[in-house]
1. Rounded, prolate or oblate: which one fits region 382-491, using the alpha carbon gyration tensor with axes a ≥ b ≥ c (rounded when a/c is under 1.5, else prolate when a/b beats b/c, else oblate)?
2. Please give the calculated 222 nm ellipticity per residue for the chain, where each DSSP H segment of at least 4 residues contributes -39500 (n - 2.57) and the sum is spread over every residue; nearest 500 deg cm²/dmol?
3. Taking +1 at the Cβ of each Lys and Arg and -1 at the Cβ of each Asp and Glu, which of His638, Leu172, Ser263 sits farthest along the dipole of the chain towards its positive end, judged by Cα position relative to the Cα centre?
4. Can you work out the accessible area per residue across the chain, with the rest of the protein chains kept in place, probe 1.4 Å, in square angstrom?
5. Only loop residues by DSSP count here, and only those with at most 15 other Cβ atoms within 10 Å; note down the GluC sites (Glu not before Pro) in region 46-129 that meet that.
6. What angle do you read, to the nearest 10 degrees and between 0 and 90, between the alpha-carbon axis of helix 371-380 and the longest principal axis of the chain?
7. Just by accessible area at a 1.4 angstrom probe, what is the order of Val527, Val85 from largest to smallest?
8. Starting from 0.36 nm per residue, how many nanometres of slack lie between Lys180 and Glu579 once their C-alpha separation is accounted for?
Amino acid sequence: MLSNGKKVIGLCMAGVDEEYNGLFLNAYAKYISAYDFKLITFYSLSTLDEVSRNDIGEANIFKLINYNILDGLIVMSETIKSEEVLYGLVSTALSKDIPVVSVDKYVENCYNISFNYDKAMEDMTRHLIEVHHYKVFNFMAGIKDNEFSDRRLNIFKSVLREYNIELDERRLGYGDFWSKPTKIAIDKFLATGLPLPDVFVCANDTMATTVFDELTDLGIRVPEDVAVTGFDGISFALNHQPVITTAAHDIDKTAIETYEIFSGIFEGKKTSKRKWVDSHIIIGGTCGCPSKQSRYTTNKLIQKLCDKMNENTFIQQRLAKMVNDLTDNRSFIEIFEELKRFVDLFDSDLFMICIDDVFLLEEEISDIMNENITKSINKNKEIYSPRMDLMVYKEDGKWKGITDFNTEILLPDLEEILENRDALVMFPMHVQDKTIGYAALDCRNYINFNLLYEFFMNLSTSLELTKSRVLQRKFIDSLEDKYVRDPLTNMFNRRGFYQEIGDEYERCMAECKEYVIVSADLNRLKVINDTYGHADGDMAITEAANALVKSTRHGEICSRFGGDEFIIAGPLVEENFEEKYRERVKEMLDDYNSQSGKPYEVTVSIGVNIFVPVEEVTIDKRISEADELMYREKVKAHMNRVN
């Protein structure tokens, strides 16, 4: 429930079937305002009928649901083919005392809305017998042992028996609800040599239109020689020439009945646990009734199809350009900025893309290199992290800024968004089973599910490729860093020193500016190693390196040449550099020694060589000069200890 007291209904559905899902989604969005509810749809673009990594990624959208803000849940159960996902949704909602309405499939402990296919098939069969006086029937069933197909077949047979008509089993074919098996079933029937029936009754419209095409290709006229009927009322059947006689769900009534159930529950009224919505027959011209024309003339239908083809071509070109442009970017910010040019593909007043905060964080290279660590992270990671980043946000034609928010609230300013609209739909973004985030659109206008699927798959892939490139660059940089860095101190090694020193050294040479090289050596390292162990020796090296690095002020190059030898180099910027640098190093080491509790002190000997670079004298010569100065100090320090 929202803070203003309005109830929030969740809707879960799956698949890209615009004939079914699109019509139901539009109906639920259309009627919700009449009940003063708000609707949030969680939509998987896969029906989840495969145990695949992609289906896992799609199903994760249902893990996003915050049941604490829901007052009711609608599940389009027939669209969600994974029983694990379906019953997981139902059981979670019921465990939180959220009423669930299951549509088109009976689910225990839910309020159920079922379609009375029986009545439509019964009315269809009676129409063929009583109005057209047909006596010889063929039936094109769907998948053998499928609940819907068998139910339609059994009702059909029972009505025939009422009129003392028996169905010859040789006239029963199985077209599996689609065209190719239907063609095979037609050929199999024709091979029997049986006379043509009066009518082919088909368990869905796709099989009916296929039967129509196969018969007409053989010169058999429909309905003059043989009648044909379908079932389901898809748009292709209703726009067919002539219109296919078929049956259809009352989708508007389904949405109204659903909201009536919730209204009764919220008002404390006793509500029936199961309701039936009758499907109704649509009389076309293929059953033998006077020819009913499609709502479009042939020319208009051709024009409509051409417009659709042109639109699809335009969309495919735009998607291809989007993929090309997005994969050319080197950062996430560049991708999201580029993406704004393609949002107009959707006729939506609200467009939001939320990216998982963890996805945007660069992984540690150690995690990438250690497979076991990575597997452990993935295993323990929540589907969605606690924080989301809203990276693309357009509302009512205006772009809004990037922000982050707690994932449990679904969207920032959710209540404000729902003040201006009644229904939202949320889609997953993922690559295989790896969650990237989700998108939110409003439901006021037609949604092209196939476009959505391609768009978000392409976007998710582009984001994953960009992340891979970022990590690859970091990985390469890490390898290069290991190649030029001393692993103990993280200073440059000898190779790194020579790689880094060139530009500034040559600039000082060209501009006749002073340059400084400091040679430093850790005193008594051998004594520390031999007496206290190499662990203490390594600690002494690290502390000496730390003091030498932190005492620099102007980005000088700090390196460990090996063992206890260090070189620091750079343009001379600081006045009285030698005096000040020595003081800073001594101060840091004195501070360490006073607190270390070690029986020895960490000290360094330093030699400072300040000069103007010239071509005649090499950098190695200058380092040797600094070394000589350092050794003089080292000898002096040794003599002082002896005396």
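The values are calculated or read from the model by the stated rules, or taken from the named source; none is laboratory data. Bear in mind the structure is a predicted one, so any value in this text is a computation, not a measurement. Here the Cβ positions follow ideal geometry from the backbone for every residue, glycine too, while neighbour counts run over all protein chains shown. Note: accessible area is taken over every heavy atom of the protein model, side chains too, but ligands, DNA and RNA are not part of it. Shrake-Rupley method; radii C 1.70, N 1.55, O 1.52, S 1.80 Å.
1. prolate
2. -14500 deg cm²/dmol
3. Farthest along the dipole direction, towards plus: Leu172.
4. That works out to 49 Å² for each residue.
5. Sparse-neighbourhood loop GluC sites (Glu not before Pro): Glu50, Glu108.
6. With both axes taken from Cα atoms, the answer is about 50 degrees.
7. Ranked list, largest accessible area first: Val527, Val85.
8. Length gained, Lys180 through Glu579: 134.6 nm.
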